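First comes the structure, then the notes that go with it.
The values are calculated or read from the model by the stated rules, or taken from the named source; none is laboratory data. The structure displayed is predicted, hence computed values, not measured ones. Neighbour counts are summed over all protein chains in view; Cβ atoms, including those assigned to glycine, are modelled from backbone coordinates with ideal geometry. For accessibility, only protein heavy atoms count, side chains too; no ligands or nucleic acids. Shrake-Rupley method; radii C 1.70, N 1.55, O 1.52, S 1.80 Å.
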Protein chains: 2
Amino acid sequence: MKKLINNPDDVVREALQGTAAAHPDLKVFFDPHYIVRADAPVQGKVGIVSGGGSGHEPMHGGFVGMGMLDAACPGEVFTSPTPDQMLEATKAVSGGAGVLHIVKNYTGDVMNFEMAADLGKAEGIEVEAVVIDDDVAVQDSLYTAGRRGVGATVLAEKLTGAAAEAKATLAEVAELCKKVNDQSRSMGMALTSCVTPSAGKPTFELGDDEMEIGIGIHGEPGRERKKLAPASGIIEQIAGTIIGDLPFKQGDEVLAFVNGMGGTPLIELYVVYNELTKILDGKGVKITRNLIGSYITSLEMAGCSITLLKLDDELTKLWDAPVKTSGLRWGV
Amino acid sequence: MKKLINNPDDVVREALQGTAAAHPDLKVFFDPHYIVRADAPVQGKVGIVSGGGSGHEPMHGGFVGMGMLDAACPGEVFTSPTPDQMLEATKAVSGGAGVLHIVKNYTGDVMNFEMAADLGKAEGIEVEAVVIDDDVAVQDSLYTAGRRGVGATVLAEKLTGAAAEAKATLAEVAELCKKVNDQSRSMGMALTSCVTPSAGKPTFELGDDEMEIGIGIHGEPGRERKKLAPASGIIEQIAGTIIGDLPFKQGDEVLAFVNGMGGTPLIELYVVYNELTKILDGKGVKITRNLIGSYITSLEMAGCSITLLKLDDELTKLWDAPVKTSGLRWGV
């Protein structure tokens, strides 16, 4: 295992210590671990909370800040955070207008967020939860009943964050989150595996001439293992599957999110984006917004995912609204 | 070789096509290749041009935009751009106030930028060039006489870009660039090699239990090859070397730049930042600004570099000024 770490058991804690030192706009709490905006709770604003296993950075901690999340709960690497983390985060960002939990569809995350919501309600906080399940690759998976939650999570965090900042109600923000999930589709692929610090060896084995199409963000199996191929064919398969699933149609306007899995050079993501534009052009689907970079990662895995979100004026306006986080920032 | 590419010869061109499609604030030219701000030339403003081999993204193309570079010239991967690229870029951003070339200290880059400056002057454009040589690891290197230019380049591009935006003169912007270089020191390390698309095999060999301290951004040899060690010891060695070189002293305020080499997960960079803060705290050096992420990369190399820049009020103010590029953005 080749990693810039100390004791594998201390990676998450030490990275959070680094986060606390780096970003004065954040407050970082330990035992249980959670990250909140330094100005939380914002009175009269819906609080937005997400969380999940660590190892997907910048998601979620890198998305805490004005215009996006109010709090993030980082679990150990690829391990769900616990209900007490989620409860403390929920209480910390409750400004009287309720709290939205954005939950990626993994069994542990869903169960623990449900428990935290019940505990929050018992303390008098109105809580709504929306489960993100945008991954079209497989129906059920290693840690998931139904589709997995992947790239749409980043988009949902940005868009609901903007709506909450504009003082939308809890019901409105939850409805928006469902809409973003309903109008998003994603799929990924891996060229290499990744190594969790605690395991110290690759999560799965992949031959030197192989890739996994439809990979999950924890290395869960995808649709098929294939021989390496040029980017054009890979993106044709992935984009085609996504487009056909919603389906995205001629005349649709979309946000195209090309995401790196952690170990993929940015130059390759632009090659991927170039392929994607050709495919969408051919279908008459228009990219009006884009996001290109490594935002929902799987440690050092090489590979990419593509997310398409069907836009309308409301979503476009929310996307363009100011955001100030360490992972995503514009307008401020 | 596992890469999301098509023909290895087409990687740079296709990534530039993706860049052109993604970013309407940029204009991308081909044969010769260069990227300029869509609003170039800005009349009465010093134009800032940089460039170098591709494979270090987001540097330089990702730093073209308001408040940073006016143009970037991407060479083939790890290969200097040619004088005609630099000349065309220089002409495209010349708004009557002169043009600054920011040149990383690699023999090919220096030679070609010198030739481009001469050609630009022959066409009546005032050109100044500043060579960046902040890497304390080694004196001479595989492609370099003297110290190599690394992380300080990113900082110099941001800071001179801000000064140029505020209509500083060419002499002032060049002086500022020299100051940033003089007050910066950097050093890197690698856990793994990288693979250029054209070579198709690792640039250098590194054992499963080895790392290279003082690596160059093209995989040039560093100071020593060592057994893997915890992050604390690695960062102590690198930071200690940097601190001792300027030297940085008790009471100094610095910008601390923790850079990923391309294949390093963000969570590890925060572990590194945490170690760095402890070391600087111990020396009485105060971090007042930071930058954490993969900004000057070596394709998919795993590893990191640290750059420290001694700040003063002028530099801090320029750092905080708005910037709008695909790689670095705030305030707009």
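What to note about this one:
- Of all residues making up segment A:39-72, the number that are among the aliphatic types (A, V, I, L, M), surrounded by 24 or more Cβ atoms within 10 Å (Cβ to Cβ) and more than 19 Å from residue A:113 (Cβ to Cβ): 0
- Some residue of segment B:234-245 being more than 9 Å from chain A (Cβ to nearest Cβ), at pLDDT 95 or above and part of a loop (DSSP other than H, G, I, E, B): no
- Remark: residue A:22 matches the filter, which requires a residue to be within 24 Å of residue A:300 (Cα to Cα), open to solvent by less than 50 Å² (accessible area, probe 1.4 Å) and either out of contact with any Pro (no Cβ under 7 Å at 6 or more places or on another chain) or in the same structural domain as residue A:201 (by TED's automatic domain parsing) (or both).
- Checking residue B:75 against (1) within 22 Å of residue B:175 (Cα to Cα); (2) open to solvent by less than 10 Å² (accessible area, probe 1.4 Å), the condition it does not meet: (1)
- Qualifying residue in segment A:289-308 (condition: at negative phi, surrounded by 24 or more Cβ atoms within 10 Å (Cβ to Cβ), in a helix (DSSP H, G or I) and acidic (Asp, Glu)): no
- Count of residues meeting criterion [in contact with a helix residue (DSSP H, G or I) (Cβ under 7 Å, 6 or more places away or on another chain) and buried (at least 21 other Cβ atoms within 10 Å of the Cβ)] in segment A:155-182: 14
- Applying the criterion of being open to solvent by 20 Å² or more (accessible area, probe 1.4 Å) and among the hydrophobic types (A, V, I, L, M, F, W, C) to the residues of segment A:216-246, the residue that is farthest from residue A:192 (Cα to Cα) is A:246.
- Failed condition for residue A:289, given (1) under 15 Å from the mean Cα position of the chain (by Cα); (2) more than 7 Å from chain B (Cβ to nearest Cβ): (1)
- Test for residue B:283: is it within 12 Å of chain A (Cβ to nearest Cβ) and at negative phi: no
- Residues of segment A:120-154 satisfying the condition of being open to solvent by 10 Å² or more (accessible area, probe 1.4 Å), farther than 22 Å from residue A:223 by Cβ and not in a strand (DSSP E or B): A:121, A:122, A:123, A:124, A:125, A:126
- Taking segment B:21-110 and the strands (runs of 3 or more DSSP E) fully enclosed by it, the elements with 3 or more residues that are within 14 Å of chain A (Cβ to nearest Cβ) are at B:47-54, B:71-77.
- Subset of segment B:95-118 (residues that are over 18 Å from residue B:133 (Cβ atoms) and either open to solvent by 30 Å² or more (accessible area, probe 1.4 Å) or among the β-branched types (Val, Ile, Thr) (or both)): B:96, B:99, B:115, B:118
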